[in-house]
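The values are calculated or read from the model by the stated rules, or taken from the named source; none is laboratory data. The structure presented is a predicted model; accordingly, all values stated were derived computationally and were not measured. Counting neighbours? That spans all protein chains shown, and the Cβs are built from the backbone with ideal geometry, glycine included. For the accessible areas, the whole protein counts, side chains as well, though only heavy atoms, and no ligand, DNA or RNA atoms are used. Shrake-Rupley method; radii C 1.70, N 1.55, O 1.52, S 1.80 Å.
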Amino acid sequence: MGDDVVYNETRLFRPPLATIDQSDRTLFAQCGVTDVDAVREIVIQPGTGLVITARQGNLRSLYQSARHLVETGYPRPLLLDANRYGGNCRVPAAAPFSRDWLSRQRDLGLLVLTDSGYVEDGDIVGLTRILSRAAKLGDVVALLPLHLSWFTVPQARRTLLRLVRTFAAPVAIVIEHPRDPIGVRGTVDGLFELIECEVPVMLLRCDVSALGALCCGAVAAAVGTRAALRHLYPRYRPSVRRRPSPPMPSVVVPRCLSYKRLSVVARTKRRHPGTDIWRCVCPTCDGSDLDWIFHRPEHVRERLAFQHSLGALIELRHELTGPDLRQDRLSWRSRCASAAYWRREVGWESLAALDRWQEAIGSPPSDDLPSRQHRPGRTIPPQRGSGDRRAEG
């Protein structure tokens, strides 16, 4: 009862409600409640924001954290994710939205994200209900946690596009996959077509490909601070009593546009010490080589890893996004080609997502962009497999 009294009193001082138009290709950091303080100090620059994801069923701490951010003047866009779509006990897509969930976001003046359930393969009824309810409310973003088939199966993709166009509500996409949904053929093409529906599109729970989504026209994208928030994991077998222990923290290697475990970064640097991909100028690293985090005490590695990764991705966001969306797409394609080159140089396996982005964007006509003089050892060729393969000196 006491909580209800406080909650009702604070509704009298409701701030103006945020709108989707205020997200101008914003790069969000997506984290859990326990990481908010460590993440907040990184995502304070223009063009950044914060998504707080609840542990399933635990909304009290989520509300408290969001209210604290608002009352202490956090200046960037803030989203709340109820995460009813995750885990083995996920809610189905047809489940109704919680009025309390929607009202609390409105009372805080936030952009309102629905607490949608998971959209199974072929669940057209559930998908329709999410979009129709969001359209009827009129001031919300429809969260769509989707099975991968909605992008990779042509008929399912056509249905998704048709329904999104019909109801015309802004959407926030979460894609299920055990590793990287962007690396599956068809996902990027489906994302492109969704963005071209002229409905605002966000991509949540993503990795470095969040930058690709922004360069290709998404109004916002969120990168997870921890591996569990960089995509939606499928259900795991009930016979497995507990999930495997989390791996060693991963860090973004900016020149490779990819996350790598700290131990792999340290080991690869020992084999290729002269390769100029290790030094990082993000605020956390401040010019140090990336393996410095590996040598820090174990209890601080995770925090330092995601603080570095967020800082590096924010710098890339500033470099890659500008007023010309077409040029941004080509810049992203060129970066993906360069990243594939550098991964080969240090002996890392190819990354399917880098190929998928290049294939979807395509090569520019030769007369659209001026040719660049190739300087071996300094300039990375724009196409995979062409030019000099020597690393920067």
**Asked** Of all residues in the range 101-148, which are assigned to a strand (DSSP E or B) and either aliphatic (A, V, I, L, M) or in contact with a Leu (Cβ under 7 Å, 6 or more places away or on another chain) (or both)?
**Response** Val112, Leu113, Val119, Val140, Val141, Ala142, Leu143, Leu144, Pro145, Leu146
**Prompt:** Restricting the range 267-323 to residues that are among the β-branched types (Val, Ile, Thr) and over 26 Å from Glu345 (Cβ atoms), which is surrounded by the most Cβ atoms within 10 Å (Cβ to Cβ)?
**Reply:** Thr321
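To keep it simple, each residue is scored yes or no on (1) within 17 Å of the chain's Cα centre (by Cα); (2) open to solvent by 10 Å² or more (accessible area, probe 1.4 Å); (3) over 21 Å from Ala169 (Cα atoms).
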residue	(1), (2), (3)
Ile42	yes, yes, yes
Gln56	no, yes, yes
Arg67	no, yes, yes
Val125	no, yes, no
Ala135	no, yes, no
**Prompt:** Hey, among the residues in the range 338-379 that are at pLDDT below 65 and among the acidic types (Asp, Glu), which one's surrounded by the most Cβ atoms within 10 Å (Cβ to Cβ)?
**Reply:** Asp368
**Request:** Check the range 277-284 and report whether any residue there is outside any helix (DSSP H, G or I), aromatic (Phe, Trp, Tyr), touching a strand residue (DSSP E or B) at 6+ places or on another chain (Cβ under 7 Å) and over 27 Å from Gly32 (Cβ atoms).
**Result:** yes
**Request:** Would you confirm whether any residue within the range 164-176 is assigned to a helix (DSSP H, G or I), open to solvent by less than 40 Å² (accessible area, probe 1.4 Å) and closer than 22 Å to Gly217 by Cα?
**Result:** yes
**Message:** Just the residues that are open to solvent by 30 Å² or more (accessible area, probe 1.4 Å), assigned to a helix (DSSP H, G or I) and over 26 Å from Lys136 (Cβ atoms), please, taken from the range 177-198.
**Reply:** Asp189
**Asked** List the pairs whose first member sits in the range 287-301 and is assigned to a loop (DSSP other than H, G, I, E, B), whose second member is surrounded by 10 or more Cβ atoms within 10 Å (Cβ to Cβ) and β-branched (Val, Ile, Thr), and whose Cβ atoms are under 6 Å apart, counting only residues at least 6 apart or on separate chains?
**Response** Gly287/Val281
